1. Outside the structural domain of SER171 (by TED's automatic domain parsing) and closer than 25 Å to VAL176 by Cα: does that describe ARG84?
2. Output the residue which, of all residues in the range 111-133 that are touching a Leu at 6+ places or on another chain (Cβ under 7 Å) and surrounded by fewer than 19 Cβ atoms within 10 Å (Cβ to Cβ), is farthest from THR185 (Cα to Cα).
3. Quick one: PHE184 ticks every box in (1) outside any strand (DSSP E or B); (2) surrounded by 17 or more Cβ atoms within 10 Å (Cβ to Cβ) bar one, so which box is it?
4. Conditions: (1) in contact with a helix residue (DSSP H, G or I) (Cβ under 7 Å, 6 or more places away or on another chain); (2) within 18 Å of TYR186 (Cα to Cα). GLY147 meets all but one. Number of the miss?
5. Take LYS109 and decide whether it is at pLDDT 95 or above, under 20 Å from the mean Cα position of the chain (by Cα), of a type in the set (D, E, K, R) and more than 21 Å from VAL91 (Cβ to Cβ).
6. Which condition does SER71 not pass, out of (1) of a type in the set (Gly, Ala, Ser); (2) surrounded by fewer than 16 Cβ atoms within 10 Å (Cβ to Cβ); (3) in the same structural domain as PRO175 (by TED's automatic domain parsing), if it passes all the others?
7. Considering only the range 152-181, state which residues are among the aliphatic types (A, V, I, L, M) and either at pLDDT below 95 or not in a loop (DSSP other than H, G, I, E, B) (or both).
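The values are calculated or read from the model by the stated rules, or taken from the named source; none is laboratory data. A quick note: this is a predicted structure, and the numbers were derived from the prediction, not measured. For neighbour counting, all protein chains shown are included, and Cβ atoms are generated from backbone atoms with ideal geometry for every residue, glycine included.
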Amino acid sequence: MDISKFEANSAIMRIFCISIFLLLSHLTQAQHNVILKSGEKLHGVVMLIRNDTLHMAVDRKIKKIELRYVSSIFFDEYVPYDGRLLLNDEVKTIKSGKYIIEYQMKERKMVKAPIVSVGTEDKGKVVVEVTVNRSGLVMKAVPGITGSTTSNEYLLTKAKFAAQGARFEKSTLAPVEQKGTIIFTY
């Protein structure tokens, strides 16, 4: 009988050890993201935090980072798209009368081009930052952002009101407010 108890305890210990091994092997594959205040993003496994220093395995090498340089730590967290325009977003075009309008809006197409009218001979490019809701309506338009080649108030005003008339595809999956640009070349 003592041998049976020993074999039973041994089997339980083996199951326990296998369970621990499987749990630990799953945990070692967990990915963490650390965002530094400089904007740099590190991918790896957070090992420990001791004496205000983060110890993180990046490419299987321990990297020590003082906590004062850390902005955020994400543990297997999904960070959704927040609606900001990304620098690598595709520049698309649409025709409006005799004008070709360029625009950038992540994963959304312009379905109604802005109406462009100009009552002057002035020339220049006006970049308008637009904020679009899920219905595709332009809720806000700010003309003259980076990339504009003119500060002509007439062209800036015309571009702002033209941009407000644009419409984008509806998207229930888009952020509540999504940012993009519309570029007018006069």
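1. It is true that ARG84 is outside the structural domain of SER171 (by TED's automatic domain parsing) and closer than 25 Å to VAL176 by Cα.
2. If we take residues in the range 111-133 being touching a Leu at 6+ places or on another chain (Cβ under 7 Å) and surrounded by fewer than 19 Cβ atoms within 10 Å (Cβ to Cβ), then ASP122 is farthest from THR185 (Cα to Cα).
3. (1)
4. (1)
5. Criteria not met by LYS109.
6. All conditions are met except number (3).
7. Result: LEU155, LEU156, ALA159, ALA162, ALA163, LEU173, ALA174, VAL176.
To keep it simple, each residue is scored yes or no on (1) of a type in the set (Asp, Glu); (2) without any contact (Cβ under 8 Å) to a residue 24 or more places away in the chain; (3) touching a strand residue (DSSP E or B) at 6+ places or on another chain (Cβ under 9 Å).
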site	(1), (2), (3)
PRO114	no, no, yes
GLY124	no, no, yes
GLY136	no, no, yes
GLY144	no, yes, yes
GLY147	no, no, yes
LEU155	no, no, yes
LYS158	no, no, yes
ALA166	no, no, yes
GLU169	yes, no, yes
